[in-house]
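Here's the structure we're looking at; comments come further down.
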2 protein chains.
Amino acid sequence: MVAAGEAMESRIGRMCIERGLKMTGQRRVIARVLSEAEDHPDVEELYRRAAALDSRISVATVYRTVRLLEEKGILERRDFGGGRARYEATEDGDHYHLIDVDTGKVVEFEDAEHTALMRRIADRLGFELVSHRMELFARRKPATPVASDGAAAQRAAASKDESRR
Amino acid sequence: MVAAGEAMESRIGRMCIERGLKMTGQRRVIARVLSEAEDHPDVEELYRRAAALDSRISVATVYRTVRLLEEKGILERRDFGGGRARYEATEDGDHYHLIDVDTGKVVEFEDAEHTALMRRIADRLGFELVSHRMELFARRKPATPVASDGAAAQRAAASKDESRR
DNA sequence: ATAGGTGCAAATGTTTTGCGGCTTG
DNA sequence: CAAGCCGCAAAACATTTGCACCTAT
């Protein structure tokens, strides 16, 4: 196991240092929370988790930090509908999100074909793609009656719990 | 020309009547503004245009109307970033938007292939697609240096002015 | 007449900010 | 020590709503 020291820098904490950000206590805590998050928390939720580790943190700081990290390219802001922005650490390959309209759960998936398609479209219109976004809103299928299923499912899927609204 | 009577119902106005909505003066004006819009105005802008035709309209009513028409499927709400929701009349075929990150202009385009792809992806993950969204953020290309251009450009593109932010 | 619209202003919910004090590099 | 943070509370926005009149149907 990873001998949990105490002042050990989290993955995102290290990224902050790399970009020359001042590391305060609260920033370190928020960085840790973000590093450990496996879902797409909104600011309120990040605040809750951070405050649980160190109570001298205010929502304002969470907002400021999350904004800063987004500018630095460390975080990405998402909008899955429902008013508040959600955040997730920037990852390497492009991936997209499918939101279960009934439960609010988010399923991530990759699709290289798609990214290429977008670039091609922009190009055809005389533009250079800067960024893009795509979200699928869907409902779980009732269960495959009979038919050939077996190895039906998927590699890519990584369901995560986040039933809030 | 279409003899602009005065109480003549606009396209969206007619749709309201079809669905049994009460046609008040302000609703008629808003419907007309929406019918004539060729861009993707936000509520503030709709209010401006409507108030120019009939000053006894409040923003609250525009908000209420736009919300109602969205529920009735007459309008679609869009989010192109920048805080406020934008609206556009529901059209037949799916179309998507490319936002010029420098000017804010919106270019619409269609892509049947794409819609099918999404449905397939959802299906593969065990879901039934309810709706989806996709936006491209891009920058105009500097001009094709030499190479084969000529018939370079595009059919699909329909650029529209809306440089606001 | 009556269900439903409307204006106005107050309320909401999320995110930003001004400011004096405190911390990091 | 200077530049940059933080907490707090107020402010800023976009959008919604309660209430007391109006008005299409």
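General observations
- Counting only protein heavy atoms and using a 1.4 Å probe, the accessible area of A:E44 comes to about 70 Å².
- Of the cross-linked pairs B:K22/B:K105; A:K22/B:K105; A:K72/A:K141; A:K72/A:K105, those separated by over 32 Å at the C-alpha level are B:K22/B:K105; A:K22/B:K105; A:K72/A:K141.
- Square roots of five times the Cα gyration tensor eigenvalues for region B:1-105, Å: 23, 16, 14
- The Cα-based radius of gyration of region A:93-136, divided by its Kirkwood radius, gives an Rg/Rh of 1.09.
- Tail weight of P(r) past 15 Å, computed on alpha-carbon pairs of region B:34-77, percent: 39 percent
- Mean separation of Cα contacts under 8 Å (6+ apart) over length of region A:93-136, as relative contact order %: 40 percent
- Sorting B:90-96, A:60-66 by average packing, meaning the other beta carbons within 10 Å per residue, from highest down gives A:60-66, B:90-96.
- Across peptide B:116-123, the average count of Cβ atoms from other chains found within 10 Å of a residue's Cβ is 5.
- Interface size B-A, as summed buried accessible area [1.4 Å probe, Å², nearest 100]: 3600 Å²
The values are calculated or read from the model by the stated rules, or taken from the named source; none is laboratory data. Owing to the predicted nature of the structure, the values given are computational and were not obtained by experimental measurement. Neighbour counts are summed over all protein chains in view; Cβ atoms, including those assigned to glycine, are modelled from backbone coordinates with ideal geometry. Heads up: the accessible areas ignore ligands, DNA and RNA and are worked out on the full protein's heavy atoms, side chains in. Shrake-Rupley method; radii C 1.70, N 1.55, O 1.52, S 1.80 Å.
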